[in-house]
Amino acid sequence: MIAVLITGVLAILSVHGSDLSGFNVEESVYLNFNTGGTLDFTALLLGAIIIGVLGVLDDIAVTQAAVVAELFDSNKGMTRREAYKRAIRVGREHVGALVNTLVLAYTGASLPLFMYFYLSLATFGSSVNSELFATEIVRTIVGSIGLVLTVPIVTFLAVLYLKGYKPKHSQSHSHGHSH
């Protein structure tokens, strides 16, 4: 929740600081007409950014907690400091992979937009400063910062609370699936 709160604040600052209106896709224009202009599209954009980031923040948080639990489980004598250092190393690698995932997901979702800019006669500077492009940049940067901040926060809390923790179920992470 701490990371989601920080990421939400970053999203608010980024969207307002870059004057994004939320009218970055034509669906927003249609929605505006259909609702008689009653929706706050900046707030809608903020909601979309936060929802988009929640999945990767959840992924990194659950993984970090599981890594710490496994470290403690594999070596009962491991200190909190050693578990933190090892889990942070795993977290750094995971962040790298998830930042790439974010960039690729946003790029894939915006492929027609990139093709439009490629075929456009507009200069690179004016294209990058357009709301369409700026929105994707803000999404990627906010999401990446959220990921980077989540690792030490969750790792610290997991190290603090999971040393000596005994799960209620011996197969707590299996969810009934056989692999």
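The values are calculated or read from the model by the stated rules, or taken from the named source; none is laboratory data. Everything numeric here is computed off the predicted structure, so don't read it as measured data. Note that each Cβ is placed from the backbone with ideal geometry, even for glycine, and that neighbours are counted across all protein chains shown.
Just one of the listed residues (47, 37) is surrounded by fewer than 18 Cβ atoms within 10 Å (Cβ to Cβ), out of contact with any His (no Cβ under 9 Å at 6 or more places or on another chain) and more than 26 Å from residue 112 (Cβ to Cβ), and it is 37.
Take the conditions (1) within 12 Å of the chain's Cα centre (by Cα); (2) touching a residue at least 40 places away in the same chain (Cβ under 8 Å); residue 25 misses just one of them, which is (1).
Residues that are within 19 Å of residue 110 (Cα to Cα), at pLDDT 80 or above and part of a helix (DSSP H, G or I) within the range 14-26 comprise just one, 15.
Restricting attention to the range 142-179, the residues being within 12 Å of the chain's Cα centre (by Cα) and modelled with pLDDT under 90 number 2. Within the range 66-74, is even one residue among the acidic types (Asp, Glu) and loosely packed, with under 11 Cβ neighbours inside 10 Å? No: the range 66-74 contains no residue that is among the acidic types (Asp, Glu) and loosely packed, with under 11 Cβ neighbours inside 10 Å. Pairing residues of the range 111-128 that are touching a residue at least 12 places away in the same chain (Cβ under 8 Å) with residues that are of a type outside the set (Val, Ile, Thr) and assigned to a helix (DSSP H, G or I), at Cβ distances under 6 Å and at least 6 apart in sequence or on separate chains, gives 113/132; 117/127.
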